[in-house]
1. Does E254 satisfy the condition of being closer than 27 Å to Q99 by Cα, acidic (D, E), surrounded by fewer than 23 Cβ atoms within 10 Å (Cβ to Cβ) and without any contact (Cβ under 8 Å) to a residue 24 or more places away in the chain?
2. Filter the range 48-70 down to residues that are outside any strand (DSSP E or B) and under 20 Å from H243 (Cα atoms) and give me whichever is farthest from the chain's Cα centre (by Cα).
3. Within the range 108-142, how many residues are part of a strand (DSSP E or B) and over 14 Å from I61 (Cβ atoms)?
4. Which of the residues spanning the range 176-193 are in contact (Cβ under 8 Å) with a residue 24 or more places away in the chain, over 25 Å from the mean Cα position of the chain (by Cα) and under 16 Å from T219 (Cα atoms)?
5. Within the range 271-303, work out how many residues are closer than 16 Å to G224 by Cβ and surrounded by 16 or more Cβ atoms within 10 Å (Cβ to Cβ).
6. Checking the structure you have, find out if any residue of the range 192-199 is modelled with pLDDT of 95 or more, of a type outside the set (A, V, I, L, M, F, W, C) and buried (at least 19 other Cβ atoms within 10 Å of the Cβ).
7. Name the single residue, out of those in the range 260-314 being in contact with a Ser or Thr (Cβ under 8 Å, 6 or more places away or on another chain) and in a strand (DSSP E or B), that is nearest to Q99 (Cα to Cα).
8. Any residue that is closer than 25 Å to S181 by Cα and in the same structural domain as F75 (by TED's automatic domain parsing) - is there at least one of those in the range 121-128?
Amino acid sequence: MTRQMLNRRQALMTGAALPLAAAMGAGLATPTPARASAPMMGAGSTPFSRFVLGEFEVTTILAGTRTVPEPQKIFGTDVTPERFAEVSAENMIPTDKAQFFFTPTVVNTGSELILFDTGLNPEGITAALGAAGYTPDQVDTVVLTHMHGDHIGGLMGTDGATFANARYVTGAKEFDAWDMSGNEGFEGKVRPLAEKMTFLDDGGAVSSGITAMAAHGHTAGHMGYMLESQGKQLLIGADFANHYVWSLAYPEWEVLYDQDKAAAAATRKRLLGMMAADKIPFIGYHMPFPGHGFVEARDSGYRYVPSSYQMMLG
């Protein structure tokens with residue numbers, strides 16, 4: 001290659017580099033303004049989870065959640081702080097606070113829309129239903145597992161009954177236990193609807209494929225409800241167990257809100273043993289949202305196995 005050709009190539013390469021260098025220099029001299037950062041959104045969760053159980057469509061809805069301080073004032077009140085701390089550390093959860101979830105369940109049988117429990121207030125349950133695509137007037141039946149305020153709170157508001165077209169179902173023993181209590185929540189939320197209520201005992205049917213199951217102890221007449229469709233089962237367990245570690249791994253630990261602590265512990269052991277043996281999934285009102293999972297026997301207690309994609313497969 002001749003010197004003349006080399007000089008020409010060098011000139012071309014130098015000429016091409018000059019605009020690039022100029023552009024880079026200009027970029028350094030004039031910084032591009034930084035974009036505004038995306039706003040912090042805070043912790044969040046999906047508002048509903050829907051799956052198919054045989055011919056039923058089951059939806060858990062988040063009607064509320066809150067952080068509660070000093071959880072050992074509620075769970076494991078009969079064990080030492082050291083033991084409570086040890087168990088919590090093993091499961092990577094703090095001892096100074098816990099997150100509570102309030103999870104009603106909607107079951108569409110194909111002919112009836114059934115709501116199990118109503119959350120803390122009308123606004124919360126209405127918003128939760130709306131997020132899942134329902135309106136209160138579509139609810140045909142409201143089932144009350146028991147009469148604690150976070151389960152009956154959404155029944156009535158300043159505008160009257162939240163579920164204008166619904167009938168109501170609850171346990172006979174539970175209603176009778178609260179009937180003479182003078183409890184303000186019961187008198188304001190449940191009593192006005194008593195004439196529309198059907199009262200069940202253990203084994204009673206809410207609808208075809210939905211059976212009441214005695215789960216006493218948390219309250220005198222606390223009920224769970226077994227769903228069965230096309231050979232598939234699921235237990236709506238309500239408050240028989242209220243924490244995925246402190247109640248399942250140690251079902252004998254005492255819980256502040258259990259009215260009959262010995263009976264509640266016996267109920268936990270019975271239902272957890274049944275579900276572990278038969279591999280029946282359950283929905284727990286206070287389990288980490290979306291509130292459904294399985295139970296596995298472990299040592300002298302049980303382990304909560306949150307559902308992953310099993311419920312999506314129908």
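The values are calculated or read from the model by the stated rules, or taken from the named source; none is laboratory data. Treat the numbers as computed from the prediction; the structure is a model and nothing was measured. Virtual Cβ from ideal backbone geometry, glycine too; neighbours counted across all protein chains shown.
1. No.
2. The residue in question is E70.
3. Looking only at that region, the number is 1.
4. Within the range 176-193, D176, A177, W178, N183 meet the criteria.
5. Result for the range 271-303: 18.
6. Looking for residues that are modelled with pLDDT of 95 or more, of a type outside the set (A, V, I, L, M, F, W, C) and buried (at least 19 other Cβ atoms within 10 Å of the Cβ), one finds none in the range 192-199, hence no.
7. Only one residue fits best here, namely G284.
8. Yes, the range 121-128 contains at least one residue that is closer than 25 Å to S181 by Cα and in the same structural domain as F75 (by TED's automatic domain parsing).
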